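Asks: Here it is, the structure, as structure tokens.
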Amino acid sequence: VTSWQPLIFFGLSGLVVVASILIAFSKNLVYSSFALLGTFAGVAGYFVLLGADFVAVVQLLVYIGGIMVLYLFAVLMTSGIGDVKVTNKSIATKWALPAALALLLTLGKLIYGTKWFASDQPVVLEPTTARIGDMLLTEYLLPFELASILLLGVLVGAVALGRRGVQAEGKGQ
Amino acid sequence: MINLQHFLFISAIIFVLGIYTVVTRRNALGILLGTELVLNAAALNIIIFGFFGNQVVEASIYALFVIVLAAAEAAVALAVGLTIYQNFKTIDTMNVRELKG
């Protein structure tokens, strides 16, 4: 929209691409997990740049505040905190790398070759939170309630899975 | 002015790196990191089209549902990962081959 938009875009692109490459290629699982932080933060930046302020904040809260911490806990609980070189081995890179490059080239050709729609109205940037709240409780009420049921199921399921392990360990001792 | 294609290409890069991570990693948690990348790329794509089509609010709602599903998936998958670790003492997917363990 303004002249500094390209600067922000390329800065965020650098952050996101470098962090994603680190996730995909790093030998150390802890580095990969922390690189996830860069990708999530960069994508949150894109959301702000694209006028989706509420989604950007949710991304920060849920991904960086919740999922990142969950991942780090899981990584450290399964690999051991004293284990400095937490290995994150890869297989079949000889075949996967050309396939991934081919996929990227195909997607790039599609993206740059397609004649996309052009919105003729100028984009208006305005706060979205109030309208999202309205629509979630009117037009999108059913998916909203389904999501809450799903989250309840996930909560119970995760506790049940985690608890069974604890009980089995207790019995063994 | 950055146009639609540049945003979509960044999203495609994230998606492809996520697919690559899922395919090549042996550590189950590494594979989960790849799925997070793929889901994030999908949410970003939705927001990109919403912005350039002047429908940011609708796109935001869909992106929110993607984020909810990603959080649910991560919670359950990590619980499964911890249970696998307790049973096998490893989460390397090459060594976890037993059914009815």
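The values are calculated or read from the model by the stated rules, or taken from the named source; none is laboratory data. Quantities reported herein were computed from a predicted structural model and do not represent experimental measurements. Ideal geometry is used to build each Cβ from the backbone, glycine not excepted, and the neighbour counts take in all protein chains shown. The area values use the complete protein model at the heavy-atom level, side chains included, leaving out ligands, DNA and RNA. Shrake-Rupley method; radii C 1.70, N 1.55, O 1.52, S 1.80 Å.
Asks: At least 2 residues that are open to solvent by 80 Å² or more (accessible area, probe 1.4 Å) and modelled with pLDDT under 90 in each: list the helices (runs of 4 or more DSSP H) lying fully within segment A:75-173 that qualify.
Replies: Of the helices (runs of 4 or more DSSP H) lying wholly inside segment A:75-173, those with at least 2 residues that are open to solvent by 80 Å² or more (accessible area, probe 1.4 Å) and modelled with pLDDT under 90 span A:93-113, A:141-172.
Asks: For residues that are without any contact (Cβ under 8 Å) to a residue 24 or more places away in the chain and more than 7 Å from chain B (Cβ to nearest Cβ), tally how many sit in segment A:51-62.
Replies: Summing the residues that are without any contact (Cβ under 8 Å) to a residue 24 or more places away in the chain and more than 7 Å from chain B (Cβ to nearest Cβ) in segment A:51-62 gives 4.
Asks: Report whether or not B:Val16 is surrounded by fewer than 19 Cβ atoms within 10 Å (Cβ to Cβ) and of a type in the set (Val, Ile, Thr).
Replies: no
Asks: Taking segment A:13-41, which residues are within 9 Å of chain B (Cβ to nearest Cβ) and surrounded by 20 or more Cβ atoms within 10 Å (Cβ to Cβ)?
Replies: A:Val16, A:Ser20, A:Ile23, A:Ala24, A:Leu29, A:Ser32, A:Ser33, A:Ala35, A:Leu36, A:Thr39, A:Phe40
Asks: Among the numbered conditions (1) open to solvent by less than 40 Å² (accessible area, probe 1.4 Å); (2) aromatic (Phe, Trp, Tyr); (3) at pLDDT below 90, tell me where A:Phe47 comes up short.
Replies: Single failed check for A:Phe47: (3).
Asks: Report whether or not A:Phe54 is modelled with pLDDT under 85 and either under 27 Å from B:Asn54 (Cβ atoms) or surrounded by fewer than 21 Cβ atoms within 10 Å (Cβ to Cβ) (or both).
Replies: In short, no.
Asks: Still on this structure, please answer the following. Among the residues that make up segment B:10-30, is at least one of them within 24 Å of A:Tyr140 (Cα to Cα), at the interface with chain A (Cβ under 7 Å from one of its Cβ atoms) and of a type outside the set (Phe, Trp, Tyr)?
Replies: No, that holds for no residue.
Asks: Another question, then. Could you check segment B:73-90 and list, in sequence order, the residues that are at the interface with another protein chain (Cβ under 7 Å from one of its Cβ atoms) and closer than 30 Å to B:Leu4 by Cβ?
Replies: B:Ala74
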